[in-house]
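J.: Starting off with a structure, shown below.
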Amino acid sequence: MSGKLKDWEDLESSLPGAFSARAKGFLGSEFPLSGPDGDEFGVLRLEGSGASFEAGGTEGRIESSASKHRMFIGGEEVLTAGRDGRGGSGMSIESGGDSLEAVVSPVRNSASARSGEGRELVRVSGGVSNRRYEVSFEGGGLAVAVFLLYHVVSVRRRAFRAGTAAGKVK
């Protein structure tokens with residue numbers, strides 16, 4: 001295991017299964033990540049068709065295409081995700097040897113990921129303004145939590161930009 005991935009696991013064990021993110025800037029392309037005590041431990045930055053993040057001494061990135069997403073921590077692929085094939089807002093996520101089913105709701109500004117047994121392992125909930133998010137996760141779910149935060153933010157951001165562009169057309 002790389003030292004960077006070990007640092008990620010150490011960070012995950014230091015968090016009590018929850019963190020928050022608050023947008024910086026008008027369009028919210030940077031999200032500092034804070035533990036329940038308010039101390040900042042990392043940052044997520046939206047960049048083009050993906051994101052980069054720094055947390056707990058590790059750097060990572062998320063690469064996204066129209067239907068496939070990959071997450072890397074310390075150069076190692078730790079998560080893949082894609083549409084679940086049923087249409088709608090469902091996704092299949094593979095991370096740490098686990099297969100999860102995720103549902104993303106841009107209208108509610110939320111996402112959740114469930115195990116094959118149906119137990120919710122990750123939940124992301126955002127406010128109406130797309131500026132603040134609360135995230136909870138169970139053991140081993142920090143990578144999925146950061147990915148779903150990125151995904152919800154990017155989907156809402158695209159919808160906001162499309163709505164703004166449509167409002168300018170007359």
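The values are calculated or read from the model by the stated rules, or taken from the named source; none is laboratory data. In this text, all values refer to a predicted model and were calculated from it rather than measured experimentally. Note that we place each Cβ from the backbone using ideal geometry, even for glycine, and neighbour counts take in every protein chain shown. Note: accessible area is taken over every heavy atom of the protein model, side chains too, but ligands, DNA and RNA are not part of it. Shrake-Rupley method; radii C 1.70, N 1.55, O 1.52, S 1.80 Å.
J.: If I filter the stretch 48-66 for residues that are at pLDDT 95 or above, among the charged types (D, E, K, R) and under 17 Å from ALA113 (Cα atoms), do I get at least one hit?
T.: Within the stretch 48-66 (the criterion being at pLDDT 95 or above, among the charged types (D, E, K, R) and under 17 Å from ALA113 (Cα atoms)), the answer is no, since none of the residues qualifies.
J.: Taking PHE147 as meeting all but one of (1) in a helix (DSSP H, G or I); (2) out of contact with any His (no Cβ under 8 Å at 6 or more places or on another chain); (3) closer than 16 Å to TRP8 by Cβ, write down the number of the exception.
T.: Every condition holds for PHE147 apart from (2).
J.: Moving to a separate point now. Is it the case, given these coordinates, that TYR133 is open to solvent by less than 50 Å² (accessible area, probe 1.4 Å), assigned to a helix (DSSP H, G or I) and either farther than 17 Å from GLU12 by Cβ or modelled with pLDDT of 85 or more (or both)? I'd like the intermediate steps shown before the answer.
T.: Numbers: open to solvent by less than 50 Å² (accessible area, probe 1.4 Å): yes; assigned to a helix (DSSP H, G or I): no; either farther than 17 Å from GLU12 by Cβ or modelled with pLDDT of 85 or more (or both): yes.
No; evaluated as a whole, the condition is false for this residue.
J.: In this structure, is ALA102 of a type outside the set (Phe, Trp, Tyr) and under 16 Å from VAL153 (Cβ atoms)?
T.: Working: of a type outside the set (Phe, Trp, Tyr): yes; under 16 Å from VAL153 (Cβ atoms): yes.
Judged against the criteria, ALA102 is a match.
J.: Output the qualifying pairs, or none if there are none: Cβ atoms under 8 angstrom, residues six or more apart or on different chains, first residue in the stretch 89-104 and within 20 Å of GLU9 (Cβ to Cβ), second residue charged (D, E, K, R).
T.: The qualifying pairs are ILE93/GLU101; LEU100/GLU94; LEU100/ARG114.
J.: Yes or no: the stretch 106-123 includes at least one residue that is surrounded by fewer than 17 Cβ atoms within 10 Å (Cβ to Cβ) and part of a strand (DSSP E or B).
T.: Yes, the stretch 106-123 contains a residue that is surrounded by fewer than 17 Cβ atoms within 10 Å (Cβ to Cβ) and part of a strand (DSSP E or B).
J.: Determine which member of the set GLU117, GLU94 is touching a strand residue (DSSP E or B) at 6+ places or on another chain (Cβ under 6 Å) and either under 20 Å from ARG61 (Cα atoms) or not small (Gly, Ala, Ser) (or both).
T.: The match here is GLU94.
J.: How many residues, within the stretch 61-88, are within 19 Å of VAL153 (Cα to Cα) and either in contact (Cβ under 8 Å) with a residue 40 or more places away in the chain or over 13 Å from the mean Cα position of the chain (by Cα) (or both)? So that I can check it myself, show each step before the final result.
T.: Taking the stretch 61-88 as the starting set, the residues that turn out to be within 19 Å of VAL153 (Cα to Cα) are 61-72, 79-83, 88.
In the following step, the residues that additionally are either in contact (Cβ under 8 Å) with a residue 40 or more places away in the chain or over 13 Å from the mean Cα position of the chain (by Cα) (or both) were identified as 62, 64-69, 71, 79, 81-83, 88.
Of the residues in that region, 13 qualify.
J.: Quick one: what pairs do we get from the stretch 31-42, first residue on the phi < 0 side of the Ramachandran plot and of a type in the set (Gly, Ala, Ser), second assigned to a loop (DSSP other than H, G, I, E, B) and buried (at least 17 other Cβ atoms within 10 Å of the Cβ), C-beta under 6 Å, 6+ apart or different chains?
T.: So the pair list comes out as GLY35/LEU15.
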